[in-house]
Amino acid sequence: MALIDPAEQINELTGTLNSIQDVLDLGAIRKQIEELEDQAAAPDLWNDQERAQKVTSKLSYLQGEVNRVESLGRRLDDLSVLYELAASEDDEDTQQEADRELASLRSDIGALEVRTLLSGEYDAREAVVTIQSQAGGVDAADWAQMLQRMYLRWAERKGYPTDVYETSYAEEAGIKSTTFTVKAPYAYGTLRGEHGTHRLVRISPFDNQGRRQTSFAGVDVVPVVETTDHIDINEDDLRVDVYRSSGPGGQGVNTTDSAVRLTHLPTGIVVSCQNERSQLQNKATAMVVLQAKLLERKRQEEKAALNEIRGESATAWGTQIRNYVLHPYQIVKDLRTGAEAGNPSAVLDGDLDGFIEAEIRWTRRQEAGVEGG
């Protein structure tokens, strides 16, 4: 028999789930769903594809939120019945099945509880992610591409749409940089803890002597700008460069010079876009990314100024946050939260939830500590 009191555990989890429902306000979410369903049913919805995608994406996300909560409630009810059955039949197999479901529910409700911690100003936004290779030569370029795949696989597992705006390929292998969006509500709040330097240690596949190589790549996560953000960009502050898109090995992707690179002269921020068909579309998309980066820069400057008033030192952006060690042993470890995983292959295939949940809890504690001080 189990060493814990199942009824007590189930009551505790039920209480947690009820608290989560109060914070999420399912009544308000259901009202939003009704409004979005009306918008989705409009015959002219797809006349504006960008708006249509936002409506359908938000509708799908909110329906998923409600289904997730309701499913957890049903599982808790079923679990009580399962324990009663195991006790009445004195069935060890059913008892073990119930214990496994209890552990699974504890994990799933804990993961949902993390969602209630996403209450920052921009947390509900979609995310713009930029990855750049850093120190480590060709290994770093390969590492940057591995990270791109990791995040795209994570989004795919979640059913979150993504859009790769630009990828700058390195000469030998891998990429110099890439920028993509994760188009789901709360993508920014979920991913913002991934911002920083990621370190890989492995036997280099590009070293014919089979030596161990350490390489670095930087991940930048910013919220997508909305019309209420008032980020004005003076055209005189921009340098616009047009070039031909290229794929791996220098292969031309587009037949025209339609890729656009924007340099914001006052800040030195550079963004590029090459995925659209026309130069005009690429410039418009690049402007969206530039606005997002300027919004985040403004937010960080305001935060730094506030910290200075409080007499606190602001944490430097771009600091190393996580190690991925593939040799001589295998482990992925987050340097802030202490979260770790012994299967790097699974993590690099998008199994990031454990790290992300630990980051969100850690970040919320840090912010709560600052607010309390």
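The values are calculated or read from the model by the stated rules, or taken from the named source; none is laboratory data. Just so we're clear, the structure is a prediction, and the values are computed from it rather than from any experiment. Neighbour counts run over all protein chains shown; Cβ positions are idealised from the backbone, glycine included. All accessible areas refer to the heavy atoms of the entire protein, side chains included, with ligands and DNA or RNA removed. Shrake-Rupley method; radii C 1.70, N 1.55, O 1.52, S 1.80 Å.
For the reader, a short list of remarks on this structure follows.
- Residue selected from segment 202-234 under the condition in a loop (DSSP other than H, G, I, E, B) and of a type in the set (A, V, I, L, M), by the criterion farthest from Glu50 (Cα to Cα): Ile233
- All positions within segment 20-33 that are in contact (Cβ under 8 Å) with a residue 60 or more places away in the chain and open to solvent by 40 Å² or more (accessible area, probe 1.4 Å): Val23
- The selection criterion, being open to solvent by less than 10 Å² (accessible area, probe 1.4 Å), over 21 Å from Ile360 (Cα atoms), modelled with pLDDT of 90 or more and assigned to a helix (DSSP H, G or I), does not hold for Ala103.
- Ser168 meets each of the listed conditions (1) under 30 Å from Leu335 (Cβ atoms); (2) in contact with a strand residue (DSSP E or B) (Cβ under 8 Å, 6 or more places away or on another chain); (3) not in a strand (DSSP E or B) apart from (3).
- For Asp139, the criteria (1) over 28 Å from Val69 (Cα atoms); (2) under 21 Å from the mean Cα position of the chain (by Cα); (3) in a helix (DSSP H, G or I) hold in every case but one, which is (2).
- Residue in segment 338-348 that is at pLDDT below 95 and either of a type in the set (Asp, Glu) or surrounded by 17 or more Cβ atoms within 10 Å (Cβ to Cβ) (or both) present: no
- Any hit, segment 165-188, residues being surrounded by 23 or more Cβ atoms within 10 Å (Cβ to Cβ) and within 22 Å of Ala339 (Cα to Cα): yes
- Output for segment 78-115, where each listed residue is of a type in the set (Asp, Glu) and within 32 Å of the chain's Cα centre (by Cα): Asp99, Glu101, Asp108, Glu113
- Filter result for Ala42 (free of Cβ contacts under 8 Å to residues at least 60 places away in the same chain, open to solvent by less than 100 Å² (accessible area, probe 1.4 Å) and in a loop (DSSP other than H, G, I, E, B)): yes
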